[in-house]
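Every number in this text was worked out from the coordinates using simple rules, so none of it is lab data. Bear in mind that the values here come from a model prediction, so they are computed numbers and not experimental data. Neighbour counts run over all protein chains shown; Cβ positions are idealised from the backbone, glycine included.
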Amino acid sequence: MRTIVSIAFIVCAQLIGTAQNWVPQASNTLDHLQAIYFVDSLHGCAVGNNGTIRTTTDGGSNWIARPSGTPDHILSVHFIDPLKGFASTSSSLLRTTDGGLSWTIQHSLDASLDPIFFLHPDTGFVGGRTTLLRTTDGGTTWAERPSGPISPTCMWAHSAETLFLGGWGGANASEVQLLRSADGGITWITSYDQGAYGPLNDVFFTDEQTGYIAFSYFGQGVQYDRLMKTLDGGTTWEPILSNSGTSSSPSPTAAVTAIHFVSDQNGYIATQNGSILVTVDAGATWEFQVNGAYPSFNDIFFVDALNGWVVGNEGTILKLATDVSVNGLTPGTGGTPMLYPNPISQHELYIDTDRSILSIDLFGTAGQFIRSYASSTTVIDVGDLAPGVYVLKVKTDAGVNERAFIKQ
């Protein structure tokens, strides 16, 4: 399932300078990882080729191998609570009831299954080639419905009736295509058809009208990579990021493989050449956070505004670091001040440190300086700030620390 949280955490190049704010984690596998899902900031699961399953209970500091019971490639994963989860393979739907420690085959098909999407713990879907699985009892039972002439790679649902299914389809079953259903998957119409050979890699909506799709298509021996946006619920789509010269934004230099927005304005994309780009203006412009430094990324997921991960080939897992340097200053050297309450919905934000505070500076989501507060104070007024994520740079007699906080 894809989720969207209401507050964004973005630390752009202006703020972090040359600091790397995506930190590699040890997956202890070289198998390609295809999907990742976290229930909360600590409990997560990554899946991939050759039946690979890894779980963590500490935010990814340690990833533990779990037996899947299948040699098939595992393509998607979703948990509806810390114990109950599902994973799809090239031939079956797997289920766990113990947090991923063990898995059993719950449903088998002759056709491949891939995307999993839950609206809430009871109602969910699994997309398959020619078959859509639907549950209304939390995955205890699944009903089969036609998925239209498509081999799906991604899915989105606004409700139990309004669904989008993207993948390979069209006249020759190998074209970029996005289908839409208004009756829970009984009938399908075309929302987007590129009319050229290639896969639709991902779909993500921030509301019922605003959505994004990413795909590659091939023509005259050239691969074109596009990120498209709709403002009318999928009736029309316009390119906002492309390597074919139709966008004013930087080219991603490779196919966009995964999309995740953490608010209506702030989102991330991951690419086939191991890059991560971020937007703070609903896709109008993009900036690199990671630029081609890793093998292909295959999925990106945020459990909340401050906790995000990407997975990719050769066992790659990266986590977004929330403590980053500001203007080249090294974090963790100033007595590690703590902020509370965090998130905050009131006026007074408290700074807890055993050091003497020399200066306090506040930065916004795009790295812009907002204001300074009086030195030596341990209580600051943030009541006039708009909802969002901010970074407070606190300089003490021991050095400088930067702490993120959420204003609700």
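Would you mind checking which residues have amide H under 5 Å from Ile150's amide H? H placed 1.01 Å from N; only 5 or more apart, or other chain.
It is Thr130, by chain and number.
From the phi angles alone, apply the Karplus equation (6.51, -1.76, 1.60; θ = phi - 60°) to the stretch 391-402 and give each ³J(HN,Hα) in whole Hz, x where the residue is Gly or Pro.
10, 9, 9, 10, 9, 10, 5, 9, x, 10, 10, 10
Per the Kirkwood formula on distinct C-alpha pairs, the Rh of the stretch 150-236 is how many angstrom? Working shown, then result.
Numbers: mean 1/r = 0.0782 Å⁻¹.
Kirkwood radius, the stretch 150-236: 12.8 Å.
Checking the cross-link filter: which aspartates and glutamates have an alpha carbon closer than 17 Å to that of Lys84, excluding same-chain neighbours under 8 positions apart?
Correct list for Lys84: Asp40, Asp98, Asp122, Asp137.
Amide H to amide H, which residues 5 or more places from Trp22 or on other chains are under 5 Å from it, using H placed in the peptide plane?
Ala321
Using Cα-Cα distances under 8 Å and only pairs 6 or more residues apart, what relative contact order does the stretch 166-216 have, in percent? All intermediate terms of the calculation are to be shown ahead of the outcome.
Values: 100 pairs, mean separation 16.5, N = 51.
For the stretch 166-216, the relative contact order is 32 percent.
I need the peptides 373-381, 177-185 ranked by packing, meaning the mean over residues of other C-beta atoms within 10 angstrom, with the highest value on top.
Most protected by this proxy first, the peptides run 177-185, 373-381.
Tell me which lysines have Cα within less than 24 Å of Lys407's Cα, excluding those fewer than 8 residues away on the same chain?
Once the sequence-local lysines are set aside, what remains near Lys407 is Lys319, Lys393, Lys395.
Classify the stretch 167-286 as rounded, prolate or oblate from the Cα gyration tensor: take a ≥ b ≥ c as the square roots of its eigenvalues, call it rounded if a/c is under 1.5, otherwise prolate when a/b beats b/c and oblate if not.
It comes out oblate by the Cα gyration axes.
Just the projected area, averaged over all directions, of the convex hull on the alpha carbon atoms of the stretch 13-320: how many nm²?
14.5
Tell me whether the stretch 338-407 comes out rounded, prolate or oblate; compute the Cα gyration tensor, take square roots of the eigenvalues as a ≥ b ≥ c, and use a/c under 1.5 as the rounded threshold.
prolate
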